[in-house]
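One structure below.
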Amino acid sequence: MSDKYTLYGAPLSLYTGKVRSYLIYKGLNYEEVFSSLKVYKKIIVPKTGVRFIPVVKTPEGEYLQDTAVIIDTLESRNTARAVMPTAPKQQLVSHLFELWADEWLLIPAMHYRWNKDNFPFIYEEFGKIVLPKMPGFVRAFVGKKIGAKFKGFVPILGITDKSIPGIEDWYENHVLPLLDNHFAQYKYLLGDAPSLGDFCLMGPLYAHLYRDPAPGALMREKAPNLVNWIKRMNAPVSNVGEWQKNDEIPETLIPILERLFKEFWPVLSNTVDALSTWIENNPDKKDIPRTIGNHSFTMGEVSEERAIMTFHQWKIQRTLDCYCRLSAEEKQPVDELLTKVGGKDAMQMQIDYPVKRVNNRLVVGES
């Protein structure tokens with residue numbers, strides 16, 4: 001049996017950037033295979049039942065889909081260079097950044113890709129899926145048709161003429177400066193070693209917001225320390241550092257955590273409520289649709305409607321489980337941190353109808 005992993009993904013893929021960075025840091029033996037149409041038809045869909053990348057084939061011959069599952073599985077089998085802190089505050093903060101990066105930073109990532117001047121670059125990238133060996137102008141012609149499907153997700157995420165000014169202000173004048181200030185002082189989120197939260201940030205920040213031409217130029221101008229962090233995250237590491245001692249959380253992360261609970265948590269809470277109602281109204285259904293109606297969200301100072309993304313609940317459950325596993329003694333300093341960032345009440349959320357993933361699809365779990 002080979003010890004090599006295979007990463008099926010693409011440079012333009014948001015979540016491929018997350019897994020690639022993880023594999024590099026762990027020093028795992030892997031090869032990356034571009035997810036062309038042929039690979040989708042012969043490998044990804046037959047082996048996973050869905051059309052999402054990245055997919056990782058393990059040395060044991062398993063095909064893992066969803067980045068959280070990929071990292072959880074590989075962490076359990078490769079304990080060197082662990083990416084999940086064991087200290088309670090740092091562990092929870094890493095999970096909170098997983099949630100924020102994977103789901104909330106998706107909004108500016110999609111906006112800056114599809115509503116800024118990234119063409120024909122993006123169309124050529126999508127054209128590689130069908131015609132990987134053809135000239136750029138041919139790929140761009142074909143890629144425009146493929147990209148139209150992905151561009152169609154933009155309004156579903158609440159990215160509209162109304163919300164765009166708020167999204168841009170939020171990202172350019174708050175998120176970028178806050179992250180740049182942090183990485184001016186720390187190599188990674190929690191000190192001198194990356195954690196789960198770092199790899200999750202690499203999803204939206206690398207493939208879309210750094211690699212695409214228009215937002216990439218913006219990041220280089222406004223956040224050079226963040227750019228340096230991205231370069232570190234994509235480079236092999238010879239000497240592994242340590243997280244902050246005594247379970248300390250850098251003060252530079254506090255404003256980001258405050259914004260997470262103020263802006264994103266109401267969306268998550270409403271998602272749980274809406275999904276509970278859907279489950280109660282559909283007692284005979286086990287498979288959960290990807291969206292169930294719309295709800296309001298606020299980014300910056302602007303509110304808009306967006307689709308209710310059911311997968312968010314699965315990600316919330318991971319964060320809540322992390323908190324609920326803590327002993328009473330461990331919770332005391334964690335609750336002090338949560339109180340400071342306005343998140344203690346949020347962590348008391350009760351989920352009446354848990355969800356789980358079965359065969360890479362979201363289904364109703366046991367109550």
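Tabulated data for the structure shown
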quantity	calculated
Cα gyration tensor shape of the chain, rounded if a/c is under 1.5, else prolate or oblate by comparing a/b with b/c	rounded
Average accessible area per residue (Å²) across the chain - probe 1.4 Å, nucleic acids and ligands excluded	44 Å²
Lysine pairs meeting the criterion (Cα under 22 Å, 8 or more apart or interchain), as found in the stretch 56-171	15
Ile308 long-range amide H proximity, modeled H, under 5 Å	Ile292, Gly293, Asn294, His295
With at most 11 neighbouring Cβ atoms within 10 Å, loop GluC sites (Glu not before Pro) (DSSP) excluded, longest segment of the chain	63-241
Added length on full extension, which subtracts the Cα-Cα distance from 0.36 nm per residue, Asp284 to Phe34	86.0 nm
Among beta bridges that DSSP assigns inside the stretch 1-101, antiparallel share in %, nearest 5	55 percent
Structure-based [θ]222 nm, the chain - -39500 (n - 2.57) summed over DSSP H runs of at least 4, per residue, nearest 500	-14000 deg cm²/dmol
Portion, in percent, of the accessible area of the chain that falls on carbon or sulfur, probe 1.4 Å	51 percent
Karplus 3J(HN,Hα) series, Hz, for the stretch 121-131 with 6.51 cos²θ - 1.76 cosθ + 1.60 (x for Gly, Pro)	3, 5, 5, 5, 5, 5, x, 4, 4, 9, 10
Glu336 paired with Arg361, simple spin-label distance in nm, labels 7 Å along Cα-to-beta-carbon	4.8 nm
Cut-off 18 Å, label 7 Å out along Cα→Cβ of Thr160, residues of the stretch 259-275 by amide N	267
Cβ-Cβ FRET estimate between Arg220 and Glu329, R0 fixed at 35 Å, reported to 0.05	0.15
Residue-by-residue Karplus 3J(HN,Hα) for the stretch 134-143, coefficients 6.51, -1.76, 1.60, Hz, glycine and proline x	8, x, x, 5, 6, 4, 5, 4, 6, x
Between the stretch 1-74 and the stretch 190-232, the alpha-carbon center distance in angstrom	21 Å
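The values are calculated or read from the model by the stated rules, or taken from the named source; none is laboratory data. Just so we're clear, the structure is a prediction, and the values are computed from it rather than from any experiment. A quick note on method: Cβ atoms are made from the backbone with ideal geometry, for glycine too, and the neighbour counts reach across all protein chains shown. Ligands, DNA and RNA are excluded from the accessible area calculation, which covers all protein heavy atoms including side chains. Shrake-Rupley method; radii C 1.70, N 1.55, O 1.52, S 1.80 Å.
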